[in-house]
Each structure stands twice: as C-alpha cells, then as structure tokens.
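Trainee: Here it is, the structure in full.
The values are calculated or read from the model by the stated rules, or taken from the named source; none is laboratory data. What you see is a predicted model, and the numbers here were worked out from it, not measured in a lab. Positions of Cβ are backbone-derived with ideal geometry, glycine not excepted, and every protein chain shown enters the neighbour counts. For accessibility, only protein heavy atoms count, side chains too; no ligands or nucleic acids. Shrake-Rupley method; radii C 1.70, N 1.55, O 1.52, S 1.80 Å.
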Amino acid sequence: MNKVKVLITDDSIFMRKLLSDLLEKHPEIEVIATAKNGKEAIEKIKEYSPDVITLDVEMPQMNGLQALEVIMREHPVPTIMLSSTTTEGSLNTIIAMEQGAVDFVAKPSGAISLDIHKVKEELIEKILLASRSNISLFNQPIKKEKEILSSQSFYSKIDLLEKAGKRDAVVCIGTSTGGPRALQTLLTALPKSFPAPLFIVQHMPKHFTKSLANRLNSICEITVVEAVHNQKVEKGTAYIAPGDFHMEVIKHAGSLFIHLHEAPPIRGHRPSVDTLFRSIGNLETYQKIAVILTGMGNDGTAGLKQLKENGKTETVALAESEESCIVYGMPRAAIHSGMVDEVHHLKDMSKRINQYILS
C-alpha cells in the first residue's frame with residue numbers, strides 16, 4: 001500500500017518534531033520533509049512532490065496565506081492549514097480555504113501547542129481525506145454568477161410547488177469539507193433583495209464560524225451572521241450555526257426564531273445538519289429548499305428524509321454534483337438515499353435556488 005507523503009510546514013522546530021512524530025506512527029502516512037516557512041515549503045514541494053501539505057497560518061518571511069497563493073497557482077497540492085484560534089488566525093484560515101486549502105485543524109493551545117496530540121485523530125483523518133480530494137478544483141478562481149437559469153427542462157418541481165400555493169420560503173444548507181469556498185460561490189450570487197432567510201450548518205469549531213460569517217458578510221450582498229439564540233429571523237439574511245452548538249428554527253407568534261442548544265453531538269457533529277433539517281421539517285406552510293454541498297460523511301441525509309416526509313409537496317432537495325465537490329461524501333449519501341430532487345454543479349446552485357424562490 002502506498003503511503004500518503006506529507007510535507008510539514010511550521011516555523012517552530014518543536015512543532016515540526018511533534019507533528020512528524022505524531023504522523024509517522026500512522027501506517028498510511030509518511031512524513032517526507034519539513035519546512036520552516038512558506039518559502040522553504042514551496043522549494044520542497046518541487047523537490048519531494050508531496051501528496052499533502054500541512055501549512056501553519058502564521059510564519060515569518062512567508063506566512064501560510066502567502067505560500068498557499070503561490071502553491072495553488074504554481075504547484076497545486078492538497079493543503080491542511082494549522083491555525084490558532086485568535087481572531088486574526090481564524091479569519092486568515094477562512095481566507096486560506098477560499099484560496100484553495102482543503103481544510104484546517106485548530107491548534108489546541110496557540111502557536112506552539114505541545115498538546116497537539118489532542119487533535120491527532122482529526123489531523124490524520126483530514127490528511128487522508130485531503131489526499132483523495134478533488135485537486136482539479138483547488139486553483140480555479142471563485143466565480144460570481146448572477147444570471148438566472150433559463151432552461152425550461154428544470155421547471156417540473158417549480159410547477160409542483162406553485163400548485164401547492166405561494167408561500168414564504170426558507171433555505172437550509174449543510175456542508176463540511178470545502179464548505180467555506182462553496183458558500184462563497186453560492187451566497188455571493190444572491191441579490192440583496194433575496195426574499196427568504198437561509199440557515200447554514202458548516203462543520204467548524206467555535207471562533208471560526210464567527211470569522212466565516214464576518215468574512216462572507218463583507219463580500220455578499222445579503223447579510224450573513226453567526227446565529228444568536230432567540231434571534232428573530234429576517235428575510236435576506238443567512239444564519240450560520242455557531243461552532244459547538246446545534247441550531248434549530250422554531251415558529252412562535254407568526255415569526256421564525258433561532259434556537260441554539262448544546263445537546264450531545266450527532267454522529268460526531270455539533271452543529272449537525274440533521275438537527276437543522278429536522279427542525280425545518282417541522283415548520284408548516286413554508287416552501288422549503290434544502291441544499292447539501294461538499295463534505296465528508298453523511299450528515300444531512302437522515303434530516304433530509306424527515307424533512308421530505310413532513311412536506312413532500314412543499315420541499316425540494318438539491319445536492320452538489322461530484323464534478324464540483326472538493327469531497328463528494330455528504331452529497332453522495334443524500335443522493336443515494338433517493339431524497340434528492342436535483343443535482344447541480346456548484347456554479348449553478350444559486351441560480352437554481354433563485355428560480356425556486358422567485359417563481
């Protein structure tokens with residue numbers, strides 16, 4: 001069996017040693033080289049041709065963001081960012097994933113985390129996943145599309161929704177690995193006047209979800225926020241579930257409200273897409289659009305089944321196509337369940353949502 005060849009990049013000699021020792025113990029991973037900054041990493045990519053790179057966000061001479069830009073342009077390689085949980089570190093991590101990083105792992109206790117073993121399993125899982133990810137997408141620029149689809153072949157489900165009567169609409173989205181980049185593509189294409197709220201679960205730890213919301217809010221026409229408990233829902237706003245909290249949507253006195261709680265993780269996830277989708281399924285008299293984007297695992301499939309069972313004529317389920325997914329796990333699981341109505345390339349997803357909402 002061929003091992004996954006990894007290049008470790010960190011300005012701390014202690015971290016390079018700790019990470020090397022941690023990864024070398026895994027039977028499927030081989031650390032082929034280390035680098036002390038981004039410049040050296042670029043040189044060693046040419047020399048060693050790694051399958052995956054771990055790249056520290058904050059380094060002298062050439063930091064992780066600067067190095068990633070060059071790597072994605074000149075020598076695209078699946079990259080896992082290692083980040084501190086500071087505001088600056090989390091924001092830079094979000095930007096890194098926009099620029100092509102597959103995923104990230106938060107250092108448990110700052111730049112020099114002697115307790116890095118706490119995230120050992122997460123790091124190994126993401127390195128192995130990155131080695132199998134869709135590398136052809138990494139160096140493609142994110143395109144902002146505004147044009148509404150004109151193909152008449154897609155309108156059968158819209159006709160069905162129209163027969164059910166014109167209703168207020170809600171959009172719920174689930175995503176994981178590759179999600180920040182996918183969300184940027186989708187949300188930046190929605191108009192400021194978008195007449196429905198959007199509820200988003202992105203698998204991501206606390207601190208990072210706020211940075212993700214702030215980053216998306218700065219580049220989108222719609223409003224994007226990290227959800228707050230008991231917050232009243234407004235149209236034209238996207239609500240991102242905060243890390244380590246499940247998010248549900250409830251109806252009270254004719255309005256929708258955000259409900260956050262810390263119930264146990266569902267199959268390892270909190271927030272859980274299943275939890276969000278199930279709560280959306282309990283809302284009556286709403287047109288519902290459920291979207292499953294790139295990500296590993298099958299979170300969202302069980303919730304989608306319940307959502308569809310509760311409102312077959314008022315719910316449409318969309319899944320991202322394998323062609324545009326960084327990781328085709330969550331969409332594939334949903335499609336295989338038989339609950340997905342349509343499969344679309346990411347670049348077409350926002351146009352399709354607009355068709356449903358504005359029909």
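Trainee: Looking at the range 332-359, which of the residues that are touching a Ser or Thr at 6+ places or on another chain (Cβ under 8 Å) and part of a loop (DSSP other than H, G, I, E, B) is surrounded by the fewest Cβ atoms within 10 Å (Cβ to Cβ)?
Mentor: If we take residues in the range 332-359 being touching a Ser or Thr at 6+ places or on another chain (Cβ under 8 Å) and part of a loop (DSSP other than H, G, I, E, B), then His345 is surrounded by the fewest Cβ atoms within 10 Å (Cβ to Cβ).
Trainee: On to the next question. Looking at the range 185-201, which of its residues are aliphatic (A, V, I, L, M) and not in a helix (DSSP H, G or I)?
Mentor: The first filter runs over the range 185-201 and keeps only residues aliphatic (A, V, I, L, M), leaving 186-187, 189-190, 196, 198, 200-201.
Scanning the range 185-201 gives Ala189, Leu190, Ala196, Leu198, Ile200, Val201.
Trainee: Do the conditions hold for Leu55, that is, is it open to solvent by less than 70 Å² (accessible area, probe 1.4 Å) and in contact with a strand residue (DSSP E or B) (Cβ under 7 Å, 6 or more places away or on another chain)?
Mentor: Working: open to solvent by less than 70 Å² (accessible area, probe 1.4 Å): yes; in contact with a strand residue (DSSP E or B) (Cβ under 7 Å, 6 or more places away or on another chain): yes.
Yes, satisfied.
Trainee: Output yes when any residue across the range 86-107 is basic (Lys, Arg), outside any helix (DSSP H, G or I) and open to solvent by less than 20 Å² (accessible area, probe 1.4 Å), and no when none is. Outline the logic, then answer.
Mentor: From the range 86-107, those basic (Lys, Arg) are 107; that's our starting set.
With the extra rule that they be outside any helix (DSSP H, G or I), the set shrinks to 107.
Subset that is open to solvent by less than 20 Å² (accessible area, probe 1.4 Å): 107.
Looking for residues that are basic (Lys, Arg), outside any helix (DSSP H, G or I) and open to solvent by less than 20 Å² (accessible area, probe 1.4 Å), one finds at least one in the range 86-107, hence yes.
Trainee: Right, another one. Confirm whether Leu65 is more than 17 Å from Ser131 (Cα to Cα) and either at pLDDT below 95 or assigned to a strand (DSSP E or B) (or both). So that I can check it myself, show each step before the final result.
Mentor: Details: more than 17 Å from Ser131 (Cα to Cα): yes; either at pLDDT below 95 or assigned to a strand (DSSP E or B) (or both): yes.
Taking the combined requirement at face value, the residue satisfies it.
Trainee: Please verify whether the range 296-303 includes one or more residues that are over 18 Å from Thr177 (Cα atoms), open to solvent by less than 10 Å² (accessible area, probe 1.4 Å), modelled with pLDDT of 95 or more and not acidic (Asp, Glu). Give the steps one after another, and end with the answer.
Mentor: Initial filter on the range 296-303 (over 18 Å from Thr177 (Cα atoms)): 302-303.
Next cut, open to solvent by less than 10 Å² (accessible area, probe 1.4 Å) only: 303.
Still in the list and also modelled with pLDDT of 95 or more: 303.
From the residues that got through so far, the ones that are not acidic (Asp, Glu) too are 303.
Yes: one or more hits.
Trainee: Separate question: Tally time: how many residues in the range 290-301 are part of a loop (DSSP other than H, G, I, E, B) and more than 14 Å from His336 (Cα to Cα)?
Mentor: Residues flagged as part of a loop (DSSP other than H, G, I, E, B) and more than 14 Å from His336 (Cα to Cα) within the range 290-301 amount to 3.
Trainee: While we're here: Within the range 302-331, which residues are assigned to a helix (DSSP H, G or I) and either β-branched (Val, Ile, Thr) or under 22 Å from Gln184 (Cβ atoms) (or both)?
Mentor: At the first step, the residues of the range 302-331 found to be assigned to a helix (DSSP H, G or I) are 302-310, 312-314, 330-331.
Within the range 302-331, Thr313, Met330, Pro331 qualify.
Trainee: Go through the range 118-143 and give me each residue that's open to solvent by 10 Å² or more (accessible area, probe 1.4 Å) and either in a strand (DSSP E or B) or modelled with pLDDT under 90 (or both).
Mentor: Asn134, Ile135, Ser136, Leu137, Asn139, Gln140, Pro141, Ile142, Lys143 - these are the residues of the range 118-143 that are open to solvent by 10 Å² or more (accessible area, probe 1.4 Å) and either in a strand (DSSP E or B) or modelled with pLDDT under 90 (or both).
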